[in-house]
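The values are calculated or read from the model by the stated rules, or taken from the named source; none is laboratory data. Bear in mind the structure is a predicted one, so any value in this text is a computation, not a measurement. Glycine gets a Cβ as well: all are built from the backbone with ideal geometry, and neighbour counts include every protein chain shown. Side chains are part of the model used for accessible areas, which takes the heavy atoms of the whole protein and leaves out ligands, DNA and RNA. Shrake-Rupley method; radii C 1.70, N 1.55, O 1.52, S 1.80 Å.
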Amino acid sequence: MSNQLVVFTLEAQHYALPLARVQRVVRMVEVTSLPKAPEMVLGVIDLEGSIIPVMSMRKRFGLSEPETSLSDQLIVADTATRSLALVVNSVTGVVERTAGEVTEAEKILPGVEYVEGITKLEDGLLFIHNLDRFLSKKEGQQLDGLLARAAGQE
C-alpha cells in the first residue's frame with residue numbers, strides 16, 4: 001500500500017500531511033483574530049462561506065513565529081472533527097511512499113504526539129503529521145465553542 005503525502009516547509013524543515021486529508025492549498029489571506037482561542041489558533045478565515053480556523057504549526061512545535069507574509073500559503077485540511085487551515089512557508093509537492101518506507105514516530109521518538117511517521121527525502125527527513133492529534137480534546141472543545149459563538153449559534 002502506498003501513501004500520497006503533501007510536502008510543505010516550515011523554516012527549511014520538510015513536513016507532510018496525507019493527501020487524502022488535504023482539501024486545497026491557497027495563498028495567505030487576511031486572518032480575523034478569534035479572542036480567547038487556544039494559543040496555536042491564529043484566527044479564522046472565510047473560505048467560500050465556511051468559517052475555517054487558522055492554525056500555527058510553528059506555535060504547536062515551539063518554533064519562532066514571524067509575522068505571516070503574503071508569500072505564505074494555507075493548507076486547508078480535514079481532521080476527524082473539523083476543517084482547518086495551516087500556515088506554511090510553501091507547499092513543495094506530493095510524494096508517494098510505501099508503508100515500508102515510513103517509520104512510525106513512536107519507534108524513534110517515543111511520546112511525540114503530533115508526528116505519525118518519518119520518511120526520507122533526498123535532502124533530509126520528512127515528518128508526517130497526524131492532524132487528529134494537533135489539538136488536544138480540551139483545545140478542540142474550546143475552539144468549537146468559540147466558532148459557534150462567532151457564527152452566532154449560541
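May I ask you to give the percent of accessible area on the chain that is carbon plus sulfur, with a probe radius of 1.4 Å? So the carbon and sulfur contribution to the accessible surface is 49 percent.
Taking a Cβ cut-off of under 11 Å around Thr79, the surrounding Lys, Arg, Asp and Glu residues balance to a net charge of +1, with basic ones at +1 and acidic ones at -1. The residues Val87, Val31, sorted by heavy-atom accessible surface at 1.4 Å with ligands and nucleic acids left out, run Val31, Val87 from largest to smallest. Computed from the Cβ-Cβ distance with R0 of 35 Å, the FRET efficiency linking Ala99 to Glu11 stands at 0.80. Think of each Lys and Arg Cβ as +1 and each Asp and Glu Cβ as -1; about the Cα centre, that makes the dipole of the chain roughly 240 debye.
How much mean residue ellipticity at 222 nm does the chain get from its helices, if each DSSP H run of length 4 or more adds -39500 (n - 2.57) and you divide by all residues, to the nearest 500 deg cm²/dmol?
Values: 3 runs with 23 residues, N = 154.
Helices in the chain give a 222 nm mean residue ellipticity of -4000 deg cm²/dmol.
Cβ-Cβ distance of Arg82 and Glu30, R₀ of 22 Å, FRET efficiency by 1/(1 + (r/R0)^6): the value works out to about 0.60.
Determine the sum of side-chain charges near Pro66: Lys and Arg each +1, Asp and Glu each -1, restricted to other residues whose C-beta is under 15 angstrom from that of Pro66.
Details: positive: Arg58, Lys59; negative: Glu11, Glu65, Glu67, Asp72.
Taking every Cβ under 15 Å from that of Pro66, the sum is -2.
Taking 7 Å steps out from each Cα toward its Cβ at Lys138 and Leu63 produces label points 2.6 nm apart.
Taking only protein heavy atoms and a 1.4 Å probe, what accessible area per residue, in Å², does region 5-95 have with all protein chains in place?
Values: 4440 Å² over 91 residues.
With the other protein chains kept in place, region 5-95 gives 49 Å² per residue.
Scoring 59-65, 9-15 by mean Cβ neighbours within 10 Å over their residues and listing the highest first yields 9-15, 59-65. Geometric descriptor of region 93-154, per residue, is 128 Å³ (volume of the convex hull of the Cα atoms).
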